[in-house]
Amino acid sequence: MTPSGRWDAVNEFDNFNASYICEYPLIEDCGALLIDNGYTIMENTTEGVSHLVECMTGYTSNISTVTCDVTGSWVPEPTCNVGSNYVCACDVDIDSLQLDELIRNLTIDKSRLSSATRTQSSADDNRLSAMLIGIGGAFLIVFSILFFIILDIVQCRRSKVYRK
């Protein structure tokens, strides 16, 4: 089939040649659209479909929509350029003193961090619930120790009775 929709048929046995024209025109597919610093949300990429053009934060688009044309191309071609109110920090010159200060400010002092963590984890908790839990825990420990001591004494006395 040719791009025009025309196709030819040849019958070698009857020496018959014929040309046919397709009743359905070919529909072009533009494929996925890739935009530097931008994107479109599209499900359909065939001829005649239009999509909104979105740019990443700090970038602006030269157009708002693109359309898939009959040649299989997205028109007009979208671009996302750095916006006028966007400050790009990629070409900033920093001298060694500024760099040293940045490193000092960003470095974590591990000795101070661990002591601060210990201080926070052992801080007093004056809530009533915390106090009741503490008292209950202490009572449970004391009761468990006394239980085993009394149990041991009882078993010890029983064993002495049977030895006689």
Q) To the nearest 20 debye, what charge dipole does region 27-110 have about its Cα centre, counting +1 at the Cβ of each Lys and Arg and -1 at the Cβ of each Asp and Glu? A) 240
Q: Rank-order 130-139, 65-74 by packing density, defined as the average count of other C-beta atoms within 10 Å over each peptide's residues, highest first.
A: 65-74, 130-139
Q) What is the local net charge at residue 28, summed over the other residues whose Cβ is closer than 9 Å to its Cβ (Lys, Arg +1; Asp, Glu -1)? A) -3
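FYI, it's all coordinate maths here, none of it is from the lab. Remember, it's a predicted structure, so these values are computed and weren't measured experimentally. As a convention, Cβ positions derive from the backbone with ideal geometry for all residues, glycine included, and neighbour counts pool all protein chains shown.
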